[in-house]
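The structure appears below as structure tokens.
The values are calculated or read from the model by the stated rules, or taken from the named source; none is laboratory data. None of these values were measured; they are calculated from a predicted model. All Cβ positions, glycine included, derive from the backbone under ideal geometry; neighbour counts span all protein chains shown.
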Amino acid sequence: MRKISRLTGEKKSFKTREAYQEHLKELGVSAKKGNRDRRNRKDVSRHAIRKSEVGRQYNWVDWDLPAVAPVTKRQTISLIHPSRGRCFQSFKCVNLWVESCSKHNDIEYIMSLDTDDVKNYIDLTENTIGRVNFKVVVGENTNVVQALNRGAKAATGDILIYVSDDFECLLNWDIVIQQAVKGNDDWVLHVNDGIQQNTATISILSRKYYERFGRIYHPDYISMWVDPDFTCEAKALGKLISRMDITFKHNHHTIGGLPFDATYAKENSGTAWKHGEKVFYERQANNFGVK
């Protein structure tokens, strides 16, 4: 039985796609039945579903991964993915991360959405449910930090990862992470995002580290400056594992990745920058709360 939160925020279980369709009807929402277009990895780039082939159809792409041996006991990894205004791009991101994970660990995929935007993600939800342990968390978020932290509260995994619409991953990325942390249980893994090396943009952390604060990002931030804070906080605690030889590409619009859109405009605004800068230096003066 797969579990997912209702679009209204109430947790609900669906045994079949048909049951989910009935649920949508109860909410007064129509949804198209998605095609399940399975392709071999040799026919499709691992980084994206090719728009030239499928347009904006939500076709799930499957591929085979290189064989890899487990490095530890089976773990559950929570992928926490806040998103707004990017349903199709988010779907490609979900597909990539789920299909690139080895068979030696389990995924808990959590989409954290805004109340006024959730109905725009019906196609993603309909075409993902049943393929992975998938949850939707809905809230009155005013910024990405709130959405991320709200999603993290629903996570049950041994490892938590902040996934954004413009983040890529490696094949067998779960094994790569487990190899990097070498059995430790209290850590933040700092990987290269292809843009900057002094900040952990893609937040990867253990359950034990998360439970220290009960959040991923400090709630005083809007968006800007929050990842330097996250990095410095972990470093001050002596829990930062730096692995610049491991790259999870960040396809930011500033390097020609995703096109600039309203979501970027909000997250990268001058207001968010000035507010974040002020909060960062105040917290830095107090060693980020670390005694």
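Against the condition at pLDDT 95 or above, more than 12 Å from the chain's Cα centre (by Cα) and crowded, with 18+ Cβ neighbours inside 10 Å, how does ASN172 come out, does it pass? Write out each step before concluding.
Working: at pLDDT 95 or above: yes; more than 12 Å from the chain's Cα centre (by Cα): yes; crowded, with 18+ Cβ neighbours inside 10 Å: yes.
Considered against the rule, which asks whether it is at pLDDT 95 or above, more than 12 Å from the chain's Cα centre (by Cα) and crowded, with 18+ Cβ neighbours inside 10 Å, ASN172 comes out as yes.
Only residues that are of a type outside the set (Ser, Thr, Tyr) and in contact with a strand residue (DSSP E or B) (Cβ under 9 Å, 6 or more places away or on another chain): list them for the range 98-116, please.
In the first step, residues of the range 98-116 are kept if they are of a type outside the set (Ser, Thr, Tyr); the result is 98-99, 101, 103-108, 110-111, 113-114, 116.
Residues satisfying the conditions are VAL98, CYS101, ASN105, ASP106, ILE107, GLU108, ILE110, MET111, LEU113, ASP114.
Among what's in the range 103-118 and is polar (S, T, N, Q) and in contact with an Asp or Glu (Cβ under 9 Å, 6 or more places away or on another chain), pick the residue that is surrounded by the fewest Cβ atoms within 10 Å (Cβ to Cβ). Quick ask: steps written out before the conclusion?
Step one: list which residues in the range 103-118 are polar (S, T, N, Q), which gives 105, 112, 115.
With the extra rule that they be in contact with an Asp or Glu (Cβ under 9 Å, 6 or more places away or on another chain), the set shrinks to 105, 115.
On the way: ASN105: 23, THR115: 13.
Here the residue is THR115.
I'd like the residue in the range 105-146 that is of a type in the set (Asp, Glu) and part of a loop (DSSP other than H, G, I, E, B) and, out of all such residues, is farthest from ASP158 (Cα to Cα).
ASP116
Could you tell me whether any residue of the range 65-87 is touching a residue at least 24 places away in the same chain (Cβ under 8 Å), in a helix (DSSP H, G or I) and touching a Leu at 6+ places or on another chain (Cβ under 7 Å)?
Within the range 65-87, one or more residues are touching a residue at least 24 places away in the same chain (Cβ under 8 Å), in a helix (DSSP H, G or I) and touching a Leu at 6+ places or on another chain (Cβ under 7 Å).
Can you name the number of the only condition in (1) touching a helix residue (DSSP H, G or I) at 6+ places or on another chain (Cβ under 6 Å); (2) within 22 Å of ILE241 (Cβ to Cβ); (3) among the hydroxyl-bearing types (Ser, Thr, Tyr) that SER164 fails?
(1)
Out of the helices (runs of 4 or more DSSP H) lying entirely within the range 188-291, which hold 1 or more residues that are polar (S, T, N, Q)? Write out each step before concluding.
Working: elements: 207-213, 226-236, 262-267, 270-285.
Fully inside the range 188-291 and qualifying: 226-236, 262-267, 270-285.
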